[in-house]
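Contents: one structure, followed by commentary.
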Amino acid sequence: MKFKDNINTWIFDLDNTLYSADSGIFQQVHRLMGEFISKNLNVDLTEAKKLQSKYYKQHGTTLRGMIDNHGTNPDYFLEEVHKLDYSIVGPNDLLNRELKKLKGRKIIYTNANKQHVINVLERIDLTNFFDEIFDIKMANYIPKPEIKPYEQIIDLFNINPKSSAMFDDIARNLVPAKKVGFTPVWIDAGYENFSDDIKSSKNYLDYETRDLSLFLKDVNDGAI
Ligand SMILES: [Mg+2]
């Protein structure tokens, strides 16, 4: 059975999946998070960076660590760390062409907030393309790769996992995807996210690609 004959629900991560990892957006978010921690916990930037990295590793997101340890207001945090210069992100015509050929529902599933998704989609010419957006607020601030929000998505959008594929640049986010029955596709962006655990996630990755647009082209051409 061909990939496209099997799949009618397409679940995409946003950052570093639907636009390039070297756009610099991630670096901006990273910097703003450090500054937020420094300002709000009244520590210097070096200490703030240590906490940022520690919370990311221990809690899945820096935000989750800030909520659990300091009672940070999540909406305020998300608003502050997404005050970004989006002008550096632009559309990928090949990717957009292949995305538009896919049949079925398209969903964005991100650990970021909805306003960030809207801002990015506008820059990459995909405004109103996706049927659903599932953001960190809808997940009650429980990030990937915790399994709960994956189960929540299935219920909320009435998804049949067996006919769903999920795309993400972080391998460990695909472990729960596989566990709930999605077909996982890892976008190997060519760098190792410091929180990722590629080695132990490998067994869960049904597909891997260095380039999402080429992968989707193969899907649409029936080569996979
Ligand atoms: Mg990502």
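The numbers here are math on the coordinates, done by the rules we state, and not lab data. Keep in mind that this is a model prediction, so the values were computed, not measured. For neighbour counting, all protein chains shown are included, and Cβ atoms are generated from backbone atoms with ideal geometry for every residue, glycine included.
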For every other residue with a beta carbon closer than 13 angstrom to the beta carbon of ASP15, add +1 if it is Lys or Arg and -1 if Asp or Glu, then tell me the sum. -3
Could you give the radius of gyration (one decimal) and Dmax (whole number) of the Cα atoms in the chain, in Å? 17.2, 57
Out-of-range pairs (alpha-carbon distance over 32 Å; input LYS103/LYS202; LYS50/LYS202; LYS50/LYS106; LYS4/LYS83): LYS50/LYS106; LYS4/LYS83
Take the Cα of LEU32, step 7 Å along the line toward its Cβ, and report every residue of segment 69-113 whose backbone nitrogen sits under 17 Å from that point. 73-90, 110-113
Which distance in nm do the two modelled labels at ASP5 and LEU45 give, with both placed 7 Å along the Cα-to-Cβ direction? 5.7 nm
Okay, helix-only estimate at 222 nm for the chain: each DSSP H run of n ≥ 4 adds -39500 (n - 2.57), divide by all residues, round to 500 deg cm²/dmol; what do you get? -13000 deg cm²/dmol
Charge tally in the Cβ shell below 9 Å around VAL185, where Lys, Arg are +1 and Asp, Glu are -1, VAL185 excluded: -3
Translational diffusion coefficient (Stokes-Einstein; Kirkwood radius from C-alpha pairs) of segment 25-81 at 37 °C, 0.692 mPa s, in µm²/s: 301 µm²/s
Which percent, to the nearest 5, of DSSP beta bridges fully inside the chain are antiparallel? 0 percent
Inter-centroid distance (Cα atoms) of segment 142-195 relative to segment 63-130, Å: 16 Å
